[in-house]
1. Quick one, what does Rg over Rh come out to for the chain if you take C-alpha atoms and the Kirkwood Rh?
2. Rounding to the nearest 20 debye, state how big the charge dipole of the stretch 142-187 is about its Cα centre with +1 on each Lys and Arg Cβ and -1 on each Asp and Glu Cβ.
3. At 222 nm, what value in deg cm²/dmol follows for the chain if DSSP H runs of at least 4 each add -39500 (n - 2.57) and the sum is divided by all its residues, to the nearest 500?
4. For the chain, with every protein chain kept in place, what is the accessible area per residue (1.4 Å probe, Å²)?
5. How do the peptides 132-139, 74-81 rank, highest first, by the average count of neighbouring beta carbon atoms within 10 Å per residue?
6. Using a 1.4 Å probe over the heavy atoms of the protein chains, calculate the carbon and sulfur portion of the accessible area of the chain as a whole percent.
7. Stretch D157-M56 to full length: gain in nm at 0.36 nm per residue minus the Cα-Cα span?
8. Where does the stretch 115-187 land on the Kirkwood hydrodynamic radius, alpha-carbon pairs, in angstrom?
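The values are calculated or read from the model by the stated rules, or taken from the named source; none is laboratory data. All values reported here derive from a predicted model rather than from experimental measurement. Cβ placement follows ideal geometry from the backbone for every residue including glycine, while neighbour counts extend to all protein chains displayed. Note: accessible area is taken over every heavy atom of the protein model, side chains too, but ligands, DNA and RNA are not part of it. Shrake-Rupley method; radii C 1.70, N 1.55, O 1.52, S 1.80 Å.
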Amino acid sequence: MQDESARRDDVPAPADGADARRDEIDTVADAWRRDGLSEPLIAMLELSKRAGRVSMLVQQALRGPLADLGLTYAEFEVLTVLRREGEPYRLRPSELTRSAFLTSGGTSNVLQRLQKAGYVEREANAGDARSRFVQLTEDGLRVTERALVASGTAHEDVMARVPPEDVRDAADALREILLVIGRRRFR
């Protein structure tokens with residue numbers, strides 16, 4: 001485990017001399033305070049900005065390896081959703097949209113590209129003539145496995161200096177928040 005001083009090496013000290021660690025979001029929060037925003041609202045804004053920044057950093061680290069595989073991040077998400085289903089690795093497009101957190105239009109575009117690449121196929125739903133299934137092909141499963149390895153490596157690279165217990169605590173705290181707000185839908 002890293003000691004506390006090693007974790008502070010590249011974090012600038014606050015201007016007022018207080019012994020607190022700061023990141024780029026703290027600078028923005030200082031401006032929000034000057035603008036008179038309430039502390040509870042500032043905490044909410046900090047949470048969403050930091051969660052978004054972590055996600056962006058991981059996606060940036062993964063962009064190159066995914067491009068090497070001929071995939072975008074959205075395509076990777078759809079492939080991994082299908083992979084998580086287990087054999088026969090198939091879902092209805094609406095289920096894919098929900099699980100990949102995409103719009104229906106976004107899912108349709110991604111599916112067209114994945115089908116053209118030979119990574120998914122669409123087949124009729126024997127139980128409902130109005131719907132179809134999307135299923136991973138053998139090539140799709142192979143590229144998904146390679147992309148999952150790349151994703152694991154990107155996450156490990158981005159989080160390499162963060163103590164595992166801090167990662168676990170943050171993941172648990174975000175779960176608690178998502179259990180409260182995660183089912184809410186917006187237009």
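1. Rg divided by Rh gives 1.06.
2. 540 debye
3. That calculation yields -20500 deg cm²/dmol at 222 nm.
4. 68 Å²
5. Result, highest mean Cβ count within 10 Å first: 74-81, 132-139.
6. That share works out to 53 percent.
7. Between D157 and M56, full extension yields 35.0 nm more.
8. Every distinct Cα pair counted, the radius reaches 16.2 Å.
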